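Visitor: Below are the structure tokens for one structure; questions will follow.
The values are calculated or read from the model by the stated rules, or taken from the named source; none is laboratory data. These numbers were taken from a predicted model, which means no experiment stands behind them. As a convention, Cβ positions derive from the backbone with ideal geometry for all residues, glycine included, and neighbour counts pool all protein chains shown. SASA here: full protein model, heavy atoms, side chains in, ligands and nucleic acids out. Shrake-Rupley method; radii C 1.70, N 1.55, O 1.52, S 1.80 Å.
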Amino acid sequence: MMGVSSTCKDGSTRITMDNGKYVRYTPEQVEALERLYHECPKPTSTRRQQLIRECPILSHIEPKQIKVWFQNRRCREKQRKEASRLQAVNRKLTAMNKLLMEENDRLQKQVSQLVYENSYFRQQTQNATTLATTDTSCESVVTSGQHRLTPQHPPRDASPAGLLSIAEENLAQFLSKATGTAVEWVQMPGMKPGPDSIGIVAISHGCTGVAARACGLVGLEPTRVAEILKDRPSWFRDCRAVDVINAMSTANGGTIELLYMQLYAPTTLAPARDFLLLRYTSVLEDGSLVVCERSLNNTQNGPSMPPTQHFVRAEMLPSGYLIRPCEGGGSIIHIVDHMDLEPWSVPEVLRPLYESSTLLAQKTTMAALRHLRQISQEISQPNVTGWGRRPAALRALSQRLSKGFNEAVNGFADEGWSLLESDGIDDVTVLVNSSPTKTMGVNFSYDNGFPSMNNAVLCAKASMLLQNVPPAILLRFLREHRSEWADNGIDAYAASAIKAGPCSLPVSRAGNFGGQVILPLAHTIENEEFIEVIKLENMGYREDMLMPGDVFLLQLCSGVDENAVGTCAELIFAPIDASFSDDAPIIPSGFRIIPLDSGMDASSPNRTLDLASALEVGPAGNRASGDLSGRSGCTKSVMTIAFQFAFEMHLQENVASMARQYVRSIIASVQRVALALSPSHFGSHAGFWPPHGTPEAHTLARWICESYRIYLGVKLLKNEGSDSILKTLWHHSDALVCCSLKTLPVFTFSNQAGLDMLETTLVALQDITLEKIFDDNGRKTLCSEFPQIMQQGFMCLPGGICLSSMGRPVSYERAVAWKVLNEEESAHCICFMFMNWSFV
């Protein structure tokens with residue numbers, strides 16, 4: 001029975017029943033019902049009767065009328081939320097429409113300018129041809145050449161007036177890039193504007209250096225946006241520090257600042273970058289807030305700074321942020337990043353890292369927009385997430401992980417790092433840091449229980465070039481299958497450094513760790529980054545408490561989206577203790593994989609490179625000795641590995657030897673996995689089957705569908721006669737997995753939903769046995785019903801619980817299993833289909 005509610009002038013509520021009868025509620029009754037609604041929005045029949053008994057003011061109302069009131073109240077709440085959501089979407093669409101109109105105007109101006117330049121150059125070509133036939137002297141050419149020797153930027157002084165002149169020129173050049181046609185912008189591959197997109201992202205085409213631009217809407221006021229973006233280390237993970245050397249106010253109410261900024265090097269094979277910048281903050285006539293920056297150089301005769309050791313001085317061309325208030329709240333922001341990162345200073349094979357506008361957009365421009373959106377969400381939804389922590393606290397933990405890993409990769413001397421002598425093989429670099437700030441909070445004690453005072457941290461790092469393996473897929477495998485590359489004893493040793501207990505050199509602990517369990521903590525809005533806790537012992541656990549004595553890792557994972565263009569993939573982790581306090585010591589280790597331009601030649605994937613000594617670096621761009629050309633168009637990337645270990649000083653030699661061997665074993669494991677994931681090695685047992693697949697995959701997909709139709713009498717897919725059976729099967733919403741007909745059945749194939757359900761990849765699928773994914777009841781049912789599959793050809797399983805490869809419980813509504821027949825009509829495998837599955 002349903003009804004329609006309406007509010008009367010006196011504040012009471014009237015319910016129209018289906019039979020035309022009106023029920024009028026007094027304001028007191030409405031207040032009582034509202035209070036009960038907030039306690040229980042959907043009460044059962046028993047609960048509604050209880051409400052009537054407990055609330056005398058509702059005693060004369062029938063339970064059916066109460067039911068109708070709650071139904072209508074839920075409907076109004078749903079309509080209110082939907083209306084609020086639509087209003088928010090409408091505001092965003094309005095703002096996006098405004099941005100698109102501005103972009104359209106800019107493109108029209110650019111087209112007009114190109115048409116004009118085309119006609120101008122055509123006329124100049126004709127004039128030059130005429131001149132060449134009538135005048136053979138070079139006087140006019142010399143005169144023209146002398147005229148062009150006038151410097152583009154005349155020298156200025158370093159006085160406040162001179163700095164203001166530089167700032168005003170910088171502002172004009174920045175605005176011409178943000179909203180004008182100074183740079184030819186093209187849409188970044190894979191980015192499509194829409195209400196759910198991060199914004200409009202473009203990269204430069206044919207300009208000096210690398211440049212990226214983004215336009216978007218954020219739910220923060222302009223002054224707050226400017227404050228956040230000025231604090232670059234808080235959102236730009238590659239930024240080591242920004243120091244304000246000097247600041248001054250201008251007559252127009254603006255601010256000029258002299259900045260010195262340092263950026264981490266992304267890999268061990270290249271030096272870090274630094275910048276001497278002038279930043280100008282001002283308010284335009286239309287009320288827009290502008291923050292623009294550019295490098296200072298000698299040609300402008302402004303302030304200068306001598307080069308810093310171990311840094312390459314890069315140049316920031318006019319860049320910045322244009323922030324405009326948006327109607328209804330929030331801000332419309334234009335971001336421009338334009339840099340010349342001096343690619344000549346790195347080996348030629350790595351130069352795509354410094355010549356890619358796409359990489360700049362991903363790591364800097366889009367990172368700024370994502371950070372603003374994340375903070376906006378945290379302000380509007382300050383919910384407590386995993387282990388009682390708010391999003392801001394977890395974000396701070398992820399920043400500490402990233403910063404600690406960057407420090408390990410770069411190993412700056414001013415941070416206390418010193419290089420150890422090589423053992424004769426230069427593939428792994430080892431550094432030691434015994435500074436108090438590095439070892440603060442790390443606990444050691446001797447076996448006799450007395451504390452150790454001489455603590456230090458050792459870092460073993462290396463870089464390697466990979467070919468023909470997507471970074472996202474490789475990183476996902478490393479995350480999900482830690483046992484394939486990690487040593488349990490060394491994990492336990494690393495964890496002992498942050499526990500109050502004796503510390504000793506690692507020993508083999510095979511068997512003490514039965515696997516890993518991933519306990520998610522939080523993720524960003526677009527799931528491009530998430531932080532989690534890894535439990536390394538096969539013991540019972542509670543997600544609201546870490547048990548003392550267990551080994552846990554705090555882990556940061558990013559870049560696992562295979563469809564993202566130019567994304568850097570990272571897996572960074574650090575041991576934590578049971579208290580998991582916010583100020584606990586963190587000693588991060590991990591992996592970073594950065595894609596390289598497919599057009600560049602790279603070394604063999606089986607070659608380990610901390611090749612700083614073997615790679616020739618210079619302006620001429622010499623190739624690495626022994627470099628092997630890769631195939632044109634294949635995927636190439638550079639992987640950086642860095643592992644840190646806290647230790648006692650008297651064990652330095654032993655720990656250094658252990659660290660070298662450990663990193664080398666990891667390199668060998670990564671090379672083996674990369675080889676298995678390489679498309680050139682795909683076969684019938686491939687680790688990755690794309691929808692177009694191999695001939696064997698197409699044949700298996702056809703067998704699966706035909707056998708299903710034979711045994712169950714209906715079609716599995718709607719269009720089985722088309723040529724895209726495998727593609728349709730791959731994208732089927734239900735989880736489909738095939739297992740072998742062996743004494744211990746193992747999985748041999750799965751569609752995408754099946755891989756998602758099992759939280760694995762096709763490479764690791766064969767390591768999962770059928771009995772591992774079912775609980776006790778499921779195994780009993782499977783054992784009792786399995787003969788039915790072989791005799792009858794199929795069976796239907798009731799709903800139940802299964803387990804992913806990570807140990808997470810998965811519920812499914814029901815499952816069907818059937819025998820898959822080959823061309824000879826003999827059993828090839830068993831296929832399971834889990835319907836309406838979800839993680840518990």
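Visitor: Please enumerate the residues belonging to segment 239-256 that are open to solvent by 20 Å² or more (accessible area, probe 1.4 Å) and under 20 Å from the mean Cα position of the chain (by Cα).
Guide: 240
Visitor: Quick one: residue 236 ticks every box in (1) over 31 Å from the mean Cα position of the chain (by Cα); (2) under 25 Å from residue 407 (Cβ atoms) bar one, so which box is it?
Guide: (1)
Visitor: While we're here: Kindly provide the set of residues from segment 813-840 that are without any contact (Cβ under 8 Å) to a residue 60 or more places away in the chain and in contact with a strand residue (DSSP E or B) (Cβ under 7 Å, 6 or more places away or on another chain), ordered by number.
Guide: Listed by number, the residues that qualify are 813, 814, 815, 817, 838, 839, 840.
Visitor: What are the residues in segment 635-651 that are of a type in the set (S, T, N, Q) and either part of a strand (DSSP E or B) or farther than 30 Å from residue 352 by Cα (or both), if any?
Guide: Scanning segment 635-651 gives 637, 640, 644.
Visitor: OK, next. Quick check: anything in segment 791-805 in contact with a Phe, Trp or Tyr (Cβ under 9 Å, 6 or more places away or on another chain) and without any contact (Cβ under 8 Å) to a residue 12 or more places away in the chain?
Guide: no
Visitor: When you check residue 798 against the structure, is it under 42 Å from the mean Cα position of the chain (by Cα) and over 14 Å from residue 735 (Cα atoms), yes or no?
Guide: The answer is yes for residue 798.
Visitor: Now for a different question. Output the residues belonging to segment 731-751 that are open to solvent by less than 50 Å² (accessible area, probe 1.4 Å) and more than 27 Å from residue 517 (Cα to Cα).
Guide: 732
Visitor: Let me ask something additional. Would it be correct to say that residue 768 is more than 18 Å from residue 712 (Cβ to Cβ), at pLDDT below 85 and of a type in the set (A, V, I, L, M, F, W, C)?
Guide: yes
Visitor: Further question on the same structure: Please specify each residue of segment 769-786 satisfying the condition of being open to solvent by less than 30 Å² (accessible area, probe 1.4 Å) and over 18 Å from residue 811 (Cα atoms).
Guide: 769
Visitor: Where in segment 257-322 are the strands (runs of 3 or more DSSP E), entirely inside, with at least 1 residues that are open to solvent by 30 Å² or more (accessible area, probe 1.4 Å) and under 30 Å from residue 593 (Cα atoms)?
Guide: The strands (runs of 3 or more DSSP E) meeting that bar are 311-313.
Visitor: Let me ask something else about it. It is to be established whether one or more residues within segment 814-832 are under 31 Å from the mean Cα position of the chain (by Cα) and either exposed (fewer than 13 other Cβ atoms within 10 Å of the Cβ) or outside the structural domain of residue 562 (by the TED database) (or both).
Guide: No, because not a single residue in segment 814-832 is under 31 Å from the mean Cα position of the chain (by Cα) and either exposed (fewer than 13 other Cβ atoms within 10 Å of the Cβ) or outside the structural domain of residue 562 (by the TED database) (or both).
Visitor: Report yes if residue 734 is assigned by the TED database to the domain that holds residue 760, at pLDDT below 85 and not polar (S, T, N, Q), otherwise no.
Guide: Spelling it out, it is not the case that residue 734 is assigned by the TED database to the domain that holds residue 760, at pLDDT below 85 and not polar (S, T, N, Q).
Visitor: Filter segment 323-338 for residues that are among the small types (Gly, Ala, Ser) and part of a loop (DSSP other than H, G, I, E, B); which is farthest from residue 174 (Cα to Cα)?
Guide: 328
So that you can scan it fast, the table gives a plain yes or no per residue for (1) closer than 30 Å to residue 473 by Cβ; (2) assigned to a helix (DSSP H, G or I); (3) open to solvent by 50 Å² or more (accessible area, probe 1.4 Å):
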position: 714; (1), (2), (3): no, no, yes
position: 717; (1), (2), (3): yes, no, no
position: 753; (1), (2), (3): yes, yes, no
position: 756; (1), (2), (3): yes, yes, yes
position: 788; (1), (2), (3): no, yes, yes
position: 801; (1), (2), (3): yes, no, yes
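Visitor: Here's something else I'd like to know. Just to be sure, is residue 224 open to solvent by 10 Å² or more (accessible area, probe 1.4 Å), of a type outside the set (Asp, Glu) and without any contact (Cβ under 8 Å) to a residue 24 or more places away in the chain?
Guide: Yes; evaluated as a whole, the condition is true for this residue.
Visitor: Before we move on, is residue 355 touching a helix residue (DSSP H, G or I) at 6+ places or on another chain (Cβ under 7 Å), touching a residue at least 24 places away in the same chain (Cβ under 8 Å) and surrounded by fewer than 19 Cβ atoms within 10 Å (Cβ to Cβ)?
Guide: yes
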